[in-house]
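Below is one structure, written out as structure tokens; the observations come after it.
The values are calculated or read from the model by the stated rules, or taken from the named source; none is laboratory data. Just so you know, these numbers come straight off a predicted model, no measurement behind them. Methodologically, a virtual Cβ is constructed for each residue, glycine included, from the backbone with ideal geometry; neighbour enumeration extends over all protein chains shown.
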Amino acid sequence: MKAGLIAVIGRPSSGKSTLMNKICGHKVSITAPTPQTTRNTVRGILSEERGQLVFLDTPGYHNSDKKFNRYLKQIAHSTLEESDVILYVLDPQRLPGYEETQLMKVLESSTKPIITAVNKTDLNPPQLGEVQQKVAEQLPHSLIYPISARNGFGVRDLVAGLFLQSPEGEAMYPQEYYTDQDPEFRITEIIREQAVNRTREELPHAVYVEIADMEMQEERHLLWARAVIFVEKESQKGMLVGKEGSMIKKIRVSAEKELRELFPYAVKLDLRVKVDPKWRTRDQLLQRLIH
Ligand SMILES: Nc1nc2c(ncn2[C@@H]2O[C@H](COP(=O)(O)OP(=O)(O)OP(=O)(O)O)[C@@H](O)[C@H]2O)c(=O)[nH]1
Ligand SMILES: [Mg+2]
């Protein structure tokens with residue numbers, strides 16, 4: 001039996017979370033067109049007769065001096081250390097620039113086997129061949145798979161490659177598990193996904209969701225949760241609440257619908273929006289974001 005811990009690494013928006021969800025067959029990690037959607041390392045699990053692969057979906061690596069980004073970067077590095085195989089995901093819509101090249105240098109310096117997924121082939125990127133060539137030059141030991149996390153092209157072969165590179169071992173999780181996240185974290189993530197995908201540009205990085213209160217109502221077979229969506233500015237609050245509360249209602253209804261699919265019981269949400277200009281720099285909060 002194989003048992004592999006797979007670190008999913010790549011630049012923001014390369015499609016790491018989409019790919020992990022596709023492989024695990026469930027929505028494990030939230031996705032959005034905006035960069036830096038994933039903030040914590042999220043685990044997704046694939047159990048098969050061949051063995052078990054545990055994926056560590058990491059936040060997109062960003063070469064920046066900002067405090068927030070440093071935290072994210074740190075996770076990418078510590079994840080590399082603890083994994084058996086690196087799954088490097090790359091978006092071939094543009095040729096590797098400075099950040100991509102720097103990232104490849106970090107990967108090349110690691111002793112772990114690397115598998116590269118050149119993603120988004122469904123978009124027929126004209127530079128696909130050139131990108132693959134660059135990867136082959138910079139990561140000479142990596143196997144390269146052109147794939148589409150969106151439509152599943154090439155994903156079976158990629159998974160076979162990951163099993164091959166993984167060591168022998170015992171399963172780390174029971175067969176029926178596909179993630180290790182607790183319900184509280186999943187609820188905050190689904191709310192954040194709705195908030196980020198339903199609003200524009202300015203908002204995605206400014207949103208932080210926290211559960212203020214939660215109660216399992218056994219007799220009604222539902223979980224009730226009050227969640228606070230923190231934003232940095234008053235204007236962002238206005239955007240999230242919407243005209244006469246129309247936006248926050250949309251976010252609530254669609255998050256409840258998503259959560260109904262994820263949990264064996266209904267989830268009823270009470271959403272509040274608060275302004276906290278400092279949430280991003282408060283270390284205590286950041287620590288909680290990471291763990
Ligand atoms: N066309 C196409 N779009 C994709 C594919 N994979 C991912 N995307 C889109 O790319 C965007 C980013 O995807 P994510 O999975 O959130 O990317 P990520 O690498 O996890 O991003 P961060 O968490 O921010 O680092 C989303 O809009 C996805 O729908 C693909 O194979 N084809
Ligand atoms: Mg992600």
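Checking every residue in the stretch 15-31 against the condition of being buried (at least 22 other Cβ atoms within 10 Å of the Cβ), among the hydroxyl-bearing types (Ser, Thr, Tyr) and modelled with pLDDT under 90 gives zero matches. Within the span defined as the stretch 110-129, one or more residues are among the aliphatic types (A, V, I, L, M), touching a residue at least 40 places away in the same chain (Cβ under 8 Å) and under 25 Å from Gly25 (Cα atoms). Only residues that are over 15 Å from Thr199 (Cα atoms), of a type in the set (Lys, Arg) and surrounded by fewer than 14 Cβ atoms within 10 Å (Cβ to Cβ) were counted in the stretch 238-274, giving 4.
Scanning the stretch 177-187 for residues that are surrounded by fewer than 20 Cβ atoms within 10 Å (Cβ to Cβ) and touching a strand residue (DSSP E or B) at 6+ places or on another chain (Cβ under 8 Å) yields a count of 6. Among the residues of the stretch 119-139, those that are touching a helix residue (DSSP H, G or I) at 6+ places or on another chain (Cβ under 8 Å) and more than 16 Å from ligand 2 (Cβ to nearest atom) comprise Thr121, Pro125, Leu128, Val135, Gln138, Leu139. Is it the case, given these coordinates, that Val231 is within 26 Å of Thr31 (Cβ to Cβ) and either under 24 Å from the mean Cα position of the chain (by Cα) or surrounded by fewer than 15 Cβ atoms within 10 Å (Cβ to Cβ) (or both)? Considered against the rule, which asks whether it is within 26 Å of Thr31 (Cβ to Cβ) and either under 24 Å from the mean Cα position of the chain (by Cα) or surrounded by fewer than 15 Cβ atoms within 10 Å (Cβ to Cβ) (or both), Val231 comes out as yes.
Screening the candidates Val89, Val28, Val42 for the property of being touching a Gly at 6+ places or on another chain (Cβ under 8 Å), touching a residue at least 60 places away in the same chain (Cβ under 8 Å), farther than 22 Å from Pro146 by Cα and within 16 Å of ligand 2 (Cβ to nearest atom) yields one hit, Val28. Can you tell me which of Lys73, Lys2, Lys27, Lys22 is of a type in the set (Lys, Arg) and touching a Ser or Thr at 6+ places or on another chain (Cβ under 6 Å)? Result: Lys2 is the single residue among Lys73, Lys2, Lys27, Lys22 that is of a type in the set (Lys, Arg) and touching a Ser or Thr at 6+ places or on another chain (Cβ under 6 Å). In the set (1) surrounded by fewer than 21 Cβ atoms within 10 Å (Cβ to Cβ); (2) touching a helix residue (DSSP H, G or I) at 6+ places or on another chain (Cβ under 6 Å), the condition left unmet by Leu46 is number (1). Of the residues that sit in the stretch 11-39 and are assigned to a helix (DSSP H, G or I) and touching a helix residue (DSSP H, G or I) at 6+ places or on another chain (Cβ under 9 Å), which one is nearest to Gly60 (Cα to Cα)? Out of the qualifying residues, it is Leu19.
Yes/no per residue for (1) surrounded by 16 or more Cβ atoms within 10 Å (Cβ to Cβ); (2) touching a residue at least 60 places away in the same chain (Cβ under 8 Å); (3) in contact with a helix residue (DSSP H, G or I) (Cβ under 6 Å, 6 or more places away or on another chain):
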| position | (1), (2), (3) |
| --- | --- |
| Gln194 | yes, yes, yes |
| Pro204 | yes, yes, yes |
| Val209 | yes, no, yes |
| Arg220 | no, no, no |
| Gln236 | yes, no, yes |
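Annotation note: of Pro92, Pro126, the sole residue that is at pLDDT 90 or above and away from ligand 1 (no atom under 14 Å from the Cβ) is Pro126.
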